[in-house]
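The values are calculated or read from the model by the stated rules, or taken from the named source; none is laboratory data. Treat the numbers as computed from the prediction; the structure is a model and nothing was measured. Every residue, glycine among them, receives a Cβ derived from its backbone with ideal geometry; neighbour counts consider all protein chains shown.
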Amino acid sequence: MIDLNKPVPAYLHEKRNIIRLVVFTSLFALVFLNLYSPFGSDRWFNVTRLEFFTYSSLIILTGVLVVVISRVIMYYVSKRVPIRLLYYLFWIFAEVFFMSLFYALFEKHVLSDNRTFYELLKFSSWNTALVLLLPYSVLWLYFSWRDKQEQILRLADLNAVASNIKDMIPFYDDKGVLRFSVKKENLLYIESAENYVSVCYLNKDKVSKYLLRETLKKVEENFSGTDVIRCHRSYIVNFEKVKVIRKEKDGLMLELDTPSVSDIPVSKTYVGSVMQTFSRNYQINDQ
């Protein structure tokens, strides 16, 4: 049974994949319109084939603006809250509806189609669903395949590193390239910085930071099942370095065993997993 409350994979709302989706959907829509003439497009203008291609391109690109605006909003929303499967499916339904509405209004008021607006919207919805859902499905499969390939490459790199360097944690950029490795015992925390993450670690007993182009959500996936866990929208912390959980009026704070490092906040979303991890390994001090 499909769990509709499960967050969708991060690759569905990554910036690079959003760009691919918009470009591929635009090209697919343009080819679809010129080959199959949906929406009665072959009756729009009394023009040559080249002129029709030019006009149809402008109309398709105008309609695809709905997808562009929608996916930009989705990108920024995903940075604040996880997008669950139910919401993602509803989001796609909304894209189909608003694009259908645009084409129905265009036929009714620009092309002066004599059919009722309901008939136009119904017909437009069917064709728009084909225009969007087919490339969406193809890209979802492609993104999933690509993500699996990247995981396999990362696993291979991880095994290669582990065979030579014990207890090293590898960090990859958004292209899957290994950029940085650090011993787990030296890792302090990881902080989100827009499209980058800042890895805070000990280097010869001094606190250092390494800036990596990758999302915190993607980095979090690499630590599944370990004591390096997400504690806040902007932080992942290594619980081997936590010595105290302190309760304050604004919530929980994590105090690390490195005096020069600021305390790490815990947001309500992650309190359960934080307390479970902490109580499994440490004695909790409530101050």
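So that you can scan it fast, the table gives a plain yes or no per residue for (1) in the same structural domain as Asp205 (by TED's automatic domain parsing); (2) under 25 Å from Lys79 (Cβ atoms); (3) touching a helix residue (DSSP H, G or I) at 6+ places or on another chain (Cβ under 6 Å); (4) modelled with pLDDT of 85 or more:
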{"site": "Gly225", "(1), (2), (3), (4)": "yes, yes, no, no"}
{"site": "Ser234", "(1), (2), (3), (4)": "yes, yes, no, yes"}
{"site": "Lys243", "(1), (2), (3), (4)": "yes, no, no, yes"}
{"site": "Lys247", "(1), (2), (3), (4)": "yes, no, no, yes"}
{"site": "Leu254", "(1), (2), (3), (4)": "yes, yes, no, yes"}
{"site": "Thr258", "(1), (2), (3), (4)": "yes, no, no, yes"}
{"site": "Val261", "(1), (2), (3), (4)": "yes, yes, no, yes"}
{"site": "Ile264", "(1), (2), (3), (4)": "yes, yes, no, yes"}
{"site": "Asp286", "(1), (2), (3), (4)": "no, no, no, no"}
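When Glu240, Glu220, Glu214 are checked against the criterion of being under 22 Å from Tyr11 (Cβ atoms), in contact (Cβ under 8 Å) with a residue 24 or more places away in the chain and not in a strand (DSSP E or B), Glu214 stands alone in meeting it. Do you know which residues across the stretch 191-200 are without any contact (Cβ under 8 Å) to a residue 60 or more places away in the chain and out of contact with any helix residue (DSSP H, G or I) (no Cβ under 6 Å at 6 or more places or on another chain)? If the condition is that a residue be without any contact (Cβ under 8 Å) to a residue 60 or more places away in the chain and out of contact with any helix residue (DSSP H, G or I) (no Cβ under 6 Å at 6 or more places or on another chain), then Glu191, Ala193, Glu194, Tyr196, Ser198, Val199 are the ones that fit. Every test in (1) closer than 25 Å to Leu21 by Cα; (2) modelled with pLDDT of 90 or more; (3) surrounded by 13 or more Cβ atoms within 10 Å (Cβ to Cβ) is passed by Leu141 save one, and that test is (3). Listed by first and then second residue, the pairs with beta-carbon distance under 8 Å, at least 6 apart or on different chains, first residue in the stretch 1-26 and assigned by TED's automatic domain parsing to the domain that holds Ser137 and loosely packed, with under 15 Cβ neighbours inside 10 Å, second assigned to a loop (DSSP other than H, G, I, E, B) and not basic (Lys, Arg), are Lys15/Asn195; Arg16/Asp174.
Considering Ser192, Ser224, the condition of being surrounded by 14 or more Cβ atoms within 10 Å (Cβ to Cβ) and of a type in the set (Ser, Thr, Tyr) is satisfied by Ser192 alone. Determine whether Leu202 is at pLDDT below 85, buried (at least 16 other Cβ atoms within 10 Å of the Cβ) and not charged (D, E, K, R). So Leu202 does not fit the description; no.
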